[in-house]
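This report refers to the structure that appears directly beneath it.
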C-alpha cells in the first residue's frame, strides 16, 4: 500500500509540472486514468482519502468503465471545488471572474440550476434543441442532449485552448494558445498556466480577417458566422462597408474592427470611446495591446466580446458592460444597450 501511495503522489507532482508547461489539464502526465475510470466498478480502498472522484455513481456499472454518468463525473470536480474550474452556475470554487462563466441544465436530469441561471442564459446541459443559428447537419448531440464532451476532449489536446475539440464536427478547428509570454501567432494568451479568470486571458488576431474562435463556434452556430460578402452575413469582401450599399445582415465576428466604416470620424470616435472605458469587453488585437489607444485600428470584436462561452445570468450569456463600476460575470450593472455602446457611438 505504501508503495502505491508513493506512486500516486509522484503522479500528482508530475501532473502539476506538466500543467506549468501545457496550461491545461487532462493532458500528458496530468491525465490520470483512475480519476474517471474504474476497471471493475469497485473502490474499496482509501489510497486517496477525500478525493471526490473515488465515489462511484449509484446506477453503475457505466459504459466505458466510467465511475458515473458523464456529466455528473465532470461536475464532481468542476462544480463547487477549489482545485478545478467551476463551470456550472454560480462560481462556488476558484476565485476570480471566470472567462467562460457558468452552464445551466435542462430540467429532468438530476441537476438543479442556481438562482439566475436559467435555460436561456447560455449553454444548457442535456438540451436537445437546435442551437441558435444552427441546423441539424451542423449539430449532432447524442440522445442525451448536449454534454461536456460535445465541446471538450476529455483526454486532452495539449495544443488546443481549453481542450476544445478539433476533430469530428470540429475537424481542423484549431485554437492555439500561448502561456506566460505572449505569441501573436497564437489565438489566445494565458498569462499563467491553468488560468481561467478573465483578467488573465486575452485574444490575439493572427489573421486580421478571421477568428479561429469564431470558426470553432460556427460548427454549431452556422448562420451567425462568415466573412464580409457572404450571403448569410452581408457586408462586403474585405470587411469595410463605406456606404449602406452593402449593409451587414448579421454582426461580424472577425473582419471588421471597432468603428471601421470607411468614415475616419466614426472610427476615431468609436475607438476613443472604447479606449476611455475602465471596463472593456474582450476583443482580438493583432498587436497584443487590447487598449484602443493611438490611431491604429487593430481591435476586432468576436464571439467572446458579447457572450460568456458557458453562460451567465443574462439571456444568451450576454455581457452588459457599461464601462465603469464593479465587474461581475454579467457585466458591471449595465443594460443591453451598454454592450452595444462598448464599440458603437450611436444613440444616448
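The values are calculated or read from the model by the stated rules, or taken from the named source; none is laboratory data. Everything quoted here is computed from the prediction, not taken from an experiment. Cβ atoms come from the backbone with ideal geometry, glycine included; neighbour counts cover every protein chain shown.
Tabulated data for the structure shown
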| read-out | value |
| --- | --- |
| Filter result for residue 279 (surrounded by 21 or more Cβ atoms within 10 Å (Cβ to Cβ), more than 19 Å from residue 250 (Cα to Cα) and either free of Cβ contacts under 8 Å to residues at least 60 places away in the same chain or out of contact with any helix residue (DSSP H, G or I) (no Cβ under 6 Å at 6 or more places or on another chain) (or both)) | no |
| Scope the stretch 327-348; condition on the phi > 0 side of the Ramachandran plot, surrounded by fewer than 21 Cβ atoms within 10 Å (Cβ to Cβ) and touching a residue at least 12 places away in the same chain (Cβ under 8 Å); matching residues | 333 |
| Residue count, the stretch 237-260 (criterion: surrounded by fewer than 21 Cβ atoms within 10 Å (Cβ to Cβ), within 20 Å of residue 207 (Cβ to Cβ) and at pLDDT 85 or above) | 3 |
| Positions within the stretch 182-199 being more than 14 Å from residue 98 (Cβ to Cβ) and not in a loop (DSSP other than H, G, I, E, B), in sequence order | 188, 189 |
| Condition met for residue 202 (in contact with a strand residue (DSSP E or B) (Cβ under 6 Å, 6 or more places away or on another chain), in contact (Cβ under 8 Å) with a residue 40 or more places away in the chain, surrounded by fewer than 22 Cβ atoms within 10 Å (Cβ to Cβ) and not in a loop (DSSP other than H, G, I, E, B)) | yes |
| Some residue of the stretch 261-276 being surrounded by fewer than 14 Cβ atoms within 10 Å (Cβ to Cβ), assigned to a loop (DSSP other than H, G, I, E, B) and modelled with pLDDT of 85 or more | no |
| Residue tally, condition at positive phi and either in contact with a strand residue (DSSP E or B) (Cβ under 9 Å, 6 or more places away or on another chain) or surrounded by 15 or more Cβ atoms within 10 Å (Cβ to Cβ) (or both), over the stretch 171-199 | 2 |
| Residues located in the stretch 311-326, provided they are without any contact (Cβ under 8 Å) to a residue 40 or more places away in the chain, in a loop (DSSP other than H, G, I, E, B) and either buried (at least 22 other Cβ atoms within 10 Å of the Cβ) or in contact with a helix residue (DSSP H, G or I) (Cβ under 9 Å, 6 or more places away or on another chain) (or both) | 319 |
| Of the criteria (1) farther than 26 Å from residue 194 by Cβ; (2) buried (at least 18 other Cβ atoms within 10 Å of the Cβ), which one residue 61 fails | (2) |
| Hits in the stretch 154-181 (condition: under 27 Å from residue 37 (Cα atoms), in contact (Cβ under 8 Å) with a residue 60 or more places away in the chain and not in a loop (DSSP other than H, G, I, E, B)) | 161, 162, 163 |
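Results for (1) modelled with pLDDT under 90; (2) outside any loop (DSSP other than H, G, I, E, B); (3) in contact with a strand residue (DSSP E or B) (Cβ under 6 Å, 6 or more places away or on another chain), shown as yes or no for each residue.
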| position | (1), (2), (3) |
| --- | --- |
| 279 | no, no, no |
| 291 | yes, no, no |
| 297 | yes, no, no |
| 305 | no, yes, no |
| 309 | no, no, no |
| 344 | yes, no, no |
